[in-house]
1. Which order results if Asp40, Asp3 are arranged by neighbouring Cβ count within 10 Å, fewest first?
2. If you put +1 on each Lys and Arg Cβ and -1 on each Asp and Glu Cβ, how big is the dipole of the chain around its Cα centre, in Debye rounded to 20?
3. Which percent, nearest 5, of DSSP beta bridges in the range 1-118 are antiparallel?
4. In which sequence would Ile26, Ile144, Ile97 go, from the one with the fewest C-beta neighbours within 10 Å to the one with the most?
5. To the nearest 0.05, what FRET efficiency results for Thr123 and Lys66 with a Förster distance of 22 Å applied to their C-beta separation?
6. Can you compute the label reach from Tyr89? Point 7 Å from Cα along the Cβ direction, backbone N cut-off under 17 Å, restricted to the range 1-21.
7. Report, to one decimal in Å, the Kirkwood hydrodynamic radius for the chain based on all distinct Cα pairs.
8. If we count other beta carbons within 10 Å of each Cβ, what is the order of Thr22, Thr118, fewest first?
Amino acid sequence: MNDYVAELRKLVGTRPLILPGTSVVITDPADRVLLLERVDTGGWGLPGGLMEPGESFEETGRREVKEEIGLDIGELNLLGLFSGAGYYYRYPNGDEIHNITAAYVARLPEDATIVLDTAENSTWRFFGLDEIPDTVITPEQPIIAEYAKVAS
């Protein structure tokens, strides 16, 4: 959790917060999607996270990808903005969030070496669109579904 959200949580506890963030659909040369198995939920998710004050959505995506998997990514193409009732999430610790997510698509950089931040994620793997696990966290399922539509 970023410092900004941690400070908010001290003030409001687990009450629902509306928070902007970014998810990045990173694809490899075989057009498989990179997913990370999250430590906090046990589910799979896209690289990304919550915005820090003063950041743009794109800056948030770049920072989160660098923090979570050690990559500097190139071009980001906006996939879409995702918000509404379907993007509500309740974490196992009780924290509630209404996500406003800008989702981007990026290609895996050539000669990339993924260095996983094990504080947030336990493992990573590329999945074909026909093998996406059922345990993808709820707010990211529509993002992957949208990517599957535009990728075909």
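1. Numbers: Asp40 15, Asp3 9.
Taking fewest neighbouring Cβ atoms as first place, the list is Asp3, Asp40.
2. On the way: 12 positive and 26 negative charges, 93 e Å.
For the chain, the charge dipole is close to 440 debye.
3. On the way: 14 of 25 bridges.
Roughly 55 percent of the DSSP beta bridges within the range 1-118 come out antiparallel.
4. The fewest-first ordering by Cβ neighbours comes to Ile97, Ile144, Ile26.
5. On the way: r = 18 Å, r/R0 = 0.84.
Efficiency computed from Cβ-Cβ geometry: 0.75.
6. Under 17 Å, as judged by backbone N against the label point of Tyr89, lie 1-6, 9, 14-21 of the range 1-21.
7. On the way: mean 1/r = 0.0641 Å⁻¹.
The answer is 15.6 Å.
8. Details: Thr22 27, Thr118 9.
So the residues, fewest neighbours to most, are Thr118, Thr22.
Each reported figure results from applying straightforward, stated rules to the coordinates on display, with no laboratory input. Being a predicted model, the structure only gives us computed values, none of them experimental. Note that we place each Cβ from the backbone using ideal geometry, even for glycine, and neighbour counts take in every protein chain shown.
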